[in-house]
1. Assuming a viscosity of 0.692 mPa s and a temperature of 37 °C, what translational diffusion coefficient in µm² per second does Stokes-Einstein assign to region 4-142, Rh being the Kirkwood radius over Cα pairs?
2. Go through SER4, SER191 and list them by solvent-accessible area, largest first, probe radius 1.4 Å.
3. Quote the accessible area belonging to SER2 in square angstrom, nearest 10, computed with a 1.4 Å probe and with ligands, DNA and RNA left uncounted.
4. Near the amide H of LYS258, under 5 Å away, which other amide H atoms are found, from residues 5 or more places off or on another chain, if H is placed in the peptide plane?
5. Who wins for biggest fluctuation among THR139, THR218, THR84 in a Gaussian network model of the chain, springs between alpha carbons below 10 Å?
6. Pairs of Cα atoms under 8 Å, at least six residues apart: use those to get the relative contact order of the chain, whole percent.
7. At a 1.4 Å probe radius, which order do LEU247, LEU25 fall into by accessible area, largest first?
8. Could you check which residue among GLY204, GLY219, GLY170 shows the biggest mean-square fluctuation in a GNM of the chain with a 10 Å Cα cutoff?
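The values are calculated or read from the model by the stated rules, or taken from the named source; none is laboratory data. In this text, all values refer to a predicted model and were calculated from it rather than measured experimentally. Side chains are part of the model used for accessible areas, which takes the heavy atoms of the whole protein and leaves out ligands, DNA and RNA. Shrake-Rupley method; radii C 1.70, N 1.55, O 1.52, S 1.80 Å.
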Amino acid sequence: MSFSVTTVNVNGIRAAVKERSETNLGLLPWLAELDSQAVALQEIRATEEQAREALVPALDDGWHLAMSESTVKGHAGVGVLTRTEPTAVRAGFGSEEFDTLGRYLEVDVESAFGEITVASLYLPKGAVDPAHTSTATETDARKFDEKKRFLVEFGEYLRSKPGGGHTVVGGDWNIAPAENDLKAFKTNKRSPGFQPHEREWVAGLLDCGWVDVTRELTGDVPGPYTWWSWRGKSFDNDAGWRIDYHLVTPELAARAAKSYVHRAQAYDLRWSDHSAVTTVFS
């Protein structure tokens, strides 16, 4: 028996449902064909009521939705769809600042090899380090500091977990861990998502036991990328970033058999600027 977990930033759940709906290539048809037991959703950008309304066909088809919406209207929001009803749902990670902003959600579900915690993460994008540019604005400084605070708090939370149990944290991490995780790494040394302190943070999680299963399974090769700008020819040229992935506790990571990206066959067939990532455990 296998257990598959998918993660995807939907870039607005209502838009993702409407996108390509006339050609039957949007989010709902994709979900109907998906062979996974859990799907971590990020950037839902809707209330739970609005999300449930958008997902009615999927929920009628047997999916169960757990969700943490943001108190900031139209911003962030994470959820997890599961084939069976979760045995527990936990929103946030004990942060007074971030737990109400729709950034993190965990559900516990049963599998053939025991209980699995599936988490959905939407890590702040941040901004360029104001210390390295003379053009930084107050907004840049605020976003940079916000991400640093998130990394400190969330890092402490994650470092307490790898000792045992089965946990998958899937999401939009908004950090490319290494040079092979983005096409234009030479020109992005100071860009949000590839700054030294961000990559060091991910490296610290791996050092304490978390496993980046896609990288482990694919080897040290460029990609597979999961995000491409809507602008220009980024998608056609595969000039992307690998910022969507699963970090997994060691015991469960040992069961990872396959991990792959659901890359659209063409630019005009996309319903998000991110592609989903699935990992199969057996």
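1. After rounding, the answer is 204 µm²/s.
2. SER191, SER4
3. Result for SER2: roughly 60 Å² accessible.
4. The list, which skips near neighbours in sequence, is VAL280.
5. THR139
6. Result for the chain is 19 percent.
7. The ordering from most to least exposed comes out as LEU25, LEU247.
8. Looking only at GLY204, GLY219, GLY170, the biggest GNM fluctuation is shown by GLY219.
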